[in-house]
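Worksheet: one structure, shown below.
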Amino acid sequence: MSLLAVEGLAKEFGGLKAVDGVSFDVRPGSVHSIIGPNGAGKTTLLNLLNGIYVPSAGRIVFDGRDLTGAAPHRFAAAGIARTFQNLQIFFNMTALENVLVGGHLHARAPLAAAMLRLPGRAEAERGYRVQALELLRFVGIEEYATAPADAMPYGALKRLEIARALAALAGLVLLDEPAAGLNPTETAAIDELIKRLSAGGVTVILVEHNMRLVMGVSDHIVVLDYGKKLTEGTAEEVRNDPRVIEAYLGAAAAEA
Amino acid sequence: MLAWLARARTGGLAALVAAIVLLPLALTNNYHYEVAIVVGLNAIVCVGLNLLIGYAGQISLGHAGFYGLGAYGSAILTARYGWPPAAALAASTAGAAALAYLVGRPILKLRGHYLAMATLGMGIIISIVIATEDRITGGPDGMAVAPFTLLGYTLAGERTWYWVVGAALALAVWLALNLIDSPAGRALRALHGSEVAAQVAGVDPGRYKVLAFVISAVFAAVAGSLTAHYAGFITPAKASFLHSIELVTMVVLGGMASTFGAVIGAAVLTTLPQVLTLLKDYEMMVFGAVLMLSMIFLPRGLVPTLAAALARRRR
Ligand SMILES: Nc1ncnc2c1ncn2[C@@H]1O[C@H](COP(=O)(O)OP(=O)(O)OP(=O)(O)O)[C@@H](O)[C@H]1O
Ligand SMILES: [Mg+2]
């Protein structure tokens, strides 16, 4: 039984095949990593997995439902949340409000009741705030709760991305390079956070260049190269696969 | 107490109510009241329009059309069909809301600023219909409007209307602030902050932009309807493209995404031509210049810029 089934997924930009016929399954409760050299198509794949891009071919089945071609908010409603490699913070809001938006699907209020602030609304709002604050504490940035997001340091924003994604209470969370640009202490905190998430029953798809982090937390790893799936397996299997080493060395050589 | 005052939804509203209550001390004749009432009516439209421009990030170039629908709807339903004014207000407002939904629904699904183009066309059509259907609307000459009566009581006189419009403005601001501070309001602000992240959090952009557009149309129609009854006479000018531009200028000058900015913008640009009577003939030029200069020198608008400056000094 898989939570997410990806079949022959493809996405082209002009003539460039950014994702090229990728298939894999994600077991519920696992930490599933996607690695590959720069430009391999990892972010594009995540963008397909929550509807930001519509695939040029292939299918996405989540929790038994075919979501191929659906709008991003439908993916969210189905239970897929996400963080962004290039921060997509609501810089016009406070940290707490960012997390509150993350919980949007659980905080629907009838419009008239909200505008007239009918009895019960204030209490509901307080409830949302308590939960959001709890999440800020969970990722370790509660001291920024009332800070405008545009006044927060980079490391805190990376964690704000995670807190906002968690607020959706989604069954599947996609993390795009959560440790990029972080120092070793902060990276260790992300490592621990992913383990706690997983222990809490959340399924995680992790895109990350930090191999120590990936090898330490992953139950399963998919390797992408030039949009294609190169191989997949456990950390042990992937680490010793000569094709993986070559893909990374080749990319490094090309860049040098 | 301090925190309560610092919050827009409580302290800001209290300040606005205090200003409305105290202002009559400075109003010494009927003409002053007249100007204050027009400020209030324009401010109601701007508070609604700001939800669209400042929060949904969309521009309407036809808001005077909704204003005109409210005004002419009330005028026609009361004068030609004998409806009670309250029912006419409700019906013409509902009509404006329905029109906003019909126009906004297909257009706001698209990304980009197509709404500006669509509302431009819509506003022009409304003002042409008003000007040409002279058997119903009185055409370019305008038409007389019956006074507002409710439960046998007739609203008459500048002072009475001042309190009615003041209360309506306070109510409009309170409703807008409540909306902004609710899940729907946060969804709107989130779309402005990062549309893609908002979508990924489950926000349907089209739905919330339509919501802001419909609410802004409702505010404009209510203000239009009140204007018609207050003035006792309406002309197509109020529904014109130029008036739409004036409304947008008020919101931009006051400060996008600032409810009190919308009120200030309306106050400044409504009183300015009255004070500088010399400028009256050049009103449109002045509005054009204000719009241009505020985009260049105060892109965030008066109130947000001042608030930021104050916050910096306090630190
Ligand atoms: N919107 C787009 N339009 C055109 N080309 C794109 C677009 N997005 C990505 N690409 C291209 O698709 C390829 C894959 O990009 P993608 O961002 O998915 O890589 P990645 O694996 O996430 O890389 P990195 O590790 O650097 O984040 C790259 O060649 C990139 O230039
Ligand atoms: Mg990437």
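Just to be sure I understand, how many residues within the stretch A:157-194 are in contact (Cβ under 8 Å) with a residue 40 or more places away in the chain and assigned to a helix (DSSP H, G or I)? Even if it seems obvious, please write down each step before you answer.
Filtering the stretch A:157-194 down to residues in contact (Cβ under 8 Å) with a residue 40 or more places away in the chain leaves A:157-158, A:160-178, A:180, A:189, A:193-194.
Adding the requirement that they be assigned to a helix (DSSP H, G or I) leaves A:157-158, A:160-166, A:189, A:193-194.
Selection size over the stretch A:157-194: 12.
Please go through the stretch A:10-31 and give me each residue that is under 13 Å from A:I205 (Cβ atoms), more than 16 Å from ligand 2 (Cβ to nearest atom) and outside any loop (DSSP other than H, G, I, E, B), ordered by number.
Here is the first cut: in the stretch A:10-31, the ones under 13 Å from A:I205 (Cβ atoms) are A:22, A:24-31.
Still in the list and also more than 16 Å from ligand 2 (Cβ to nearest atom): A:24-31.
Matches in the stretch A:10-31: A:F24, A:D25, A:V26, A:V31.
With crowded, with 17+ Cβ neighbours inside 10 Å and in contact (Cβ under 8 Å) with a residue 60 or more places away in the chain as the only criterion, which of B:T235, B:T305 stands out? Spell out how you get there, then give the answer.
On the way: B:T305 fails: in contact (Cβ under 8 Å) with a residue 60 or more places away in the chain.
Sole residue among the options that is crowded, with 17+ Cβ neighbours inside 10 Å and in contact (Cβ under 8 Å) with a residue 60 or more places away in the chain: B:T235.
Is it the case, given these coordinates, that A:G69 is within 16 Å of ligand 1 (Cβ to nearest atom) and on the phi > 0 side of the Ramachandran plot? Before the answer, list the steps.
Numbers: within 16 Å of ligand 1 (Cβ to nearest atom): no; on the phi > 0 side of the Ramachandran plot: yes.
Considered against the rule, which asks whether it is within 16 Å of ligand 1 (Cβ to nearest atom) and on the phi > 0 side of the Ramachandran plot, A:G69 comes out as no.
Could you please let me know if B:G224 is open to solvent by less than 10 Å² (accessible area, probe 1.4 Å) and not aliphatic (A, V, I, L, M)? Spell out how you get there, then give the answer.
Details: open to solvent by less than 10 Å² (accessible area, probe 1.4 Å): yes; not aliphatic (A, V, I, L, M): yes.
In short, yes.
A:E186 passes all but one of (1) buried (at least 16 other Cβ atoms within 10 Å of the Cβ); (2) farther than 22 Å from A:T94 by Cβ; which number fails?
(2)
Mind checking whether some residue in the stretch A:39-48 is among the charged types (D, E, K, R) and touching a Phe, Trp or Tyr at 6+ places or on another chain (Cβ under 7 Å)? Before you say what the answer is, go through the steps one by one.
If we filter the stretch A:39-48 for residues that are among the charged types (D, E, K, R), which is where we start, we get A:42.
From the residues that got through so far, the ones that are touching a Phe, Trp or Tyr at 6+ places or on another chain (Cβ under 7 Å) too are none.
Scanning the stretch A:39-48 turns up no residue that is among the charged types (D, E, K, R) and touching a Phe, Trp or Tyr at 6+ places or on another chain (Cβ under 7 Å).
Just the residues that are over 21 Å from A:I89 (Cα atoms) and open to solvent by 10 Å² or more (accessible area, probe 1.4 Å), please, taken from the stretch B:170-206. Show your work before the answer.
The initial filter retains those residues of the stretch B:170-206 that are over 21 Å from A:I89 (Cα atoms), namely B:170-179.
The answer is B:A170, B:L171, B:W174, B:L175, B:L177.
Could you list, ordered by first residue, the pairs with Cβ atoms under 7 Å in which the first is in the stretch A:101-130 and farther than 17 Å from B:G202 by Cβ and the second is modelled with pLDDT under 85 and assigned to a loop (DSSP other than H, G, I, E, B), at least 6 apart or interchain?
A:R121/A:A109; A:A124/A:A109
Among (1) more than 14 Å from chain A (Cβ to nearest Cβ); (2) part of a helix (DSSP H, G or I); (3) among the small types (G, A, S), there is one condition B:A187 misses while meeting the rest; what is its number?
Condition not satisfied by B:A187: (1).
Restricting the search to the stretch A:53-96, which residues are within 16 Å of ligand 2 (Cβ to nearest atom) and either more than 14 Å from chain B (Cβ to nearest Cβ) or not polar (S, T, N, Q) (or both)?
Here is the first cut: in the stretch A:53-96, the residues within 16 Å of ligand 2 (Cβ to nearest atom) are A:53, A:82-88.
Matches in the stretch A:53-96: A:Y53, A:R82, A:F84, A:L87.
Go through the residues of the stretch A:109-123 one by one and say whether even a single one is within 25 Å of A:G200 (Cα to Cα) and more than 7 Å from every other protein chain (Cβ to nearest Cβ).
Taking the stretch A:109-123 as the starting set, the residues that turn out to be within 25 Å of A:G200 (Cα to Cα) are none.
So far as the stretch A:109-123 goes, no, none of its residues is within 25 Å of A:G200 (Cα to Cα) and more than 7 Å from every other protein chain (Cβ to nearest Cβ).
Just to verify a result, which residue in the stretch A:99-133, among those that are part of a helix (DSSP H, G or I) and open to solvent by 80 Å² or more (accessible area, probe 1.4 Å), is modelled with the lowest pLDDT?
Step one: list which residues in the stretch A:99-133 are part of a helix (DSSP H, G or I), which gives A:99-102, A:104-106, A:111-115, A:121-133.
After this cut, where a residue has to be open to solvent by 80 Å² or more (accessible area, probe 1.4 Å) as well, the list is A:106, A:123, A:126, A:130-131.
Working: A:H106: 91, A:E123: 87, A:R126: 90, A:V130: 94, A:Q131: 94.
Taking the candidates together, the pick is A:E123.
Specify which of the listed residues (A:F75, A:F90) is touching a Leu at 6+ places or on another chain (Cβ under 8 Å), under 17 Å from A:A168 (Cα atoms), among the aromatic types (F, W, Y) and modelled with pLDDT of 95 or more. Spell out how you get there, then give the answer.
Details: A:F90 fails: touching a Leu at 6+ places or on another chain (Cβ under 8 Å).
Every option except A:F75 fails the conditions.
What number goes with the only condition from (1) within 16 Å of ligand 2 (Cβ to nearest atom); (2) assigned by TED's automatic domain parsing to the domain that holds A:V238 that A:E161 does not pass?
For A:E161, the exception is condition (2).
For the stretch A:189-219, give me the residue count where each residue is open to solvent by 50 Å² or more (accessible area, probe 1.4 Å), away from ligand 2 (no atom under 16 Å from the Cβ) and among the hydrophobic types (A, V, I, L, M, F, W, C).
1
Please enumerate the residues belonging to the stretch A:2-36 that are open to solvent by 10 Å² or more (accessible area, probe 1.4 Å) and within 16 Å of ligand 1 (Cβ to nearest atom). Before you say what the answer is, go through the steps one by one.
Of all residues in the stretch A:2-36, those open to solvent by 10 Å² or more (accessible area, probe 1.4 Å) come to A:2-3, A:5, A:7-8, A:10-18, A:20-21, A:23, A:25, A:27-29.
Within the stretch A:2-36, A:A10, A:K11, A:E12, A:F13, A:G14, A:G15, A:L16, A:K17, A:A18, A:D20, A:G21 meet the criteria.
Are any residues in the stretch A:48-59 crowded, with 23+ Cβ neighbours inside 10 Å and either within 12 Å of ligand 1 (Cβ to nearest atom) or not in a loop (DSSP other than H, G, I, E, B) (or both), and if so, which ones?
Residues satisfying the conditions are A:L48, A:L49.
When the residues of the stretch A:134-156 are narrowed to those that are assigned to a helix (DSSP H, G or I) and of a type in the set (A, V, I, L, M, F, W, C), which ends up nearest to the other protein chains (Cβ to nearest Cβ)? Break it down stepwise before answering.
So the first thing to find is which residues in the stretch A:134-156 are assigned to a helix (DSSP H, G or I), and the list is A:134-138, A:142-144, A:149-151, A:154-156.
Keeping just the survivors that are of a type in the set (A, V, I, L, M, F, W, C) gives A:135-136, A:138, A:149, A:151, A:156.
Values: A:L135: 13, A:L136: 16, A:F138: 17, A:A149: 8, A:A151: 11, A:A156: 16 Å.
If we take residues in the stretch A:134-156 being assigned to a helix (DSSP H, G or I) and of a type in the set (A, V, I, L, M, F, W, C), then A:A149 is nearest to the other protein chains (Cβ to nearest Cβ).
Considering B:G261, B:G255, which residue is touching a residue at least 40 places away in the same chain (Cβ under 8 Å), closer than 23 Å to B:T305 by Cβ and within 14 Å of chain A (Cβ to nearest Cβ)? Show your work before the answer.
Values: B:G261 fails: within 14 Å of chain A (Cβ to nearest Cβ).
Among B:G261, B:G255, only B:G255 is touching a residue at least 40 places away in the same chain (Cβ under 8 Å), closer than 23 Å to B:T305 by Cβ and within 14 Å of chain A (Cβ to nearest Cβ).
The values are calculated or read from the model by the stated rules, or taken from the named source; none is laboratory data. From a predicted model like this one, the values you see are computed outputs, not experimental measurements. A quick note on method: Cβ atoms are made from the backbone with ideal geometry, for glycine too, and the neighbour counts reach across all protein chains shown. Note: accessible area is taken over every heavy atom of the protein model, side chains too, but ligands, DNA and RNA are not part of it. Shrake-Rupley method; radii C 1.70, N 1.55, O 1.52, S 1.80 Å.
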